[in-house]
Amino acid sequence: MSALDEVVFDRWEEGFVHPTGFCGLCGNSGVVDTRGTLSSSTGVECGVIAMCICPTGHGLIERGVKTTQQLESWLRVMSPAGRVR
Ligand SMILES: [Zn+2]
C-alpha cells in the first residue's frame, strides 16, 4: 500500500465507517453513485459514479473494474434490488 493509499484509508476509517462496520459511503458495494442525487450549493449537478475509497473499492481497482459500464454492472450485482436505480 502506498503512502497516499494509507492516508486515504486512514481518513476513510476515521470518518466513513458506519457503527455496523459497513462502509458509510458505498454500503460495501465498492461503488459510490451520486448521479442524479447531488448538486452544488449553486445547483450544478455534480454526482459521479466511481470506485469507493474503502477496501472493497480498492478491490475493484485490483479486479480492473473502472469504466462506468463496469461500475454500473458491478453495482447491479452487489446492491439490494430496492437500491438499484
Ligand atoms: Zn465503500
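What to note about this one:
- Whichever residue in segment 1-13 is in a helix (DSSP H, G or I) and over 14 Å from Gly57 (Cβ atoms) and, among such residues, is nearest to the ligand (Cβ to nearest atom): Asp10
- Residues located in segment 66-85, provided they are modelled with pLDDT of 90 or more, more than 13 Å from Val32 (Cβ to Cβ) and among the β-branched types (Val, Ile, Thr): Thr67
- The lone exception for Gly36 - which of (1) more than 15 Å from the ligand (Cβ to nearest atom); (2) free of Cβ contacts under 8 Å to residues at least 24 places away in the same chain; (3) assigned to a loop (DSSP other than H, G, I, E, B) it fails: (2)
- Residue that is nearest to the ligand (Cβ to nearest atom) [pool: residues in segment 39-57 that are closer than 15 Å to Val77 by Cβ and in a strand (DSSP E or B)]: Met51
- In segment 14-33, the residues that are out of contact with any helix residue (DSSP H, G or I) (no Cβ under 7 Å at 6 or more places or on another chain) and either within 11 Å of the ligand (Cβ to nearest atom) or of a type in the set (Phe, Trp, Tyr) (or both): Phe16, Val17, His18, Phe22, Gly24, Leu25, Gly27, Val32
The values are calculated or read from the model by the stated rules, or taken from the named source; none is laboratory data. Here the structure is a predicted model, which means the values were calculated and not measured. Heads up, the Cβs are rebuilt from the backbone with ideal geometry, glycines too, and the neighbour counts pull from every protein chain shown.
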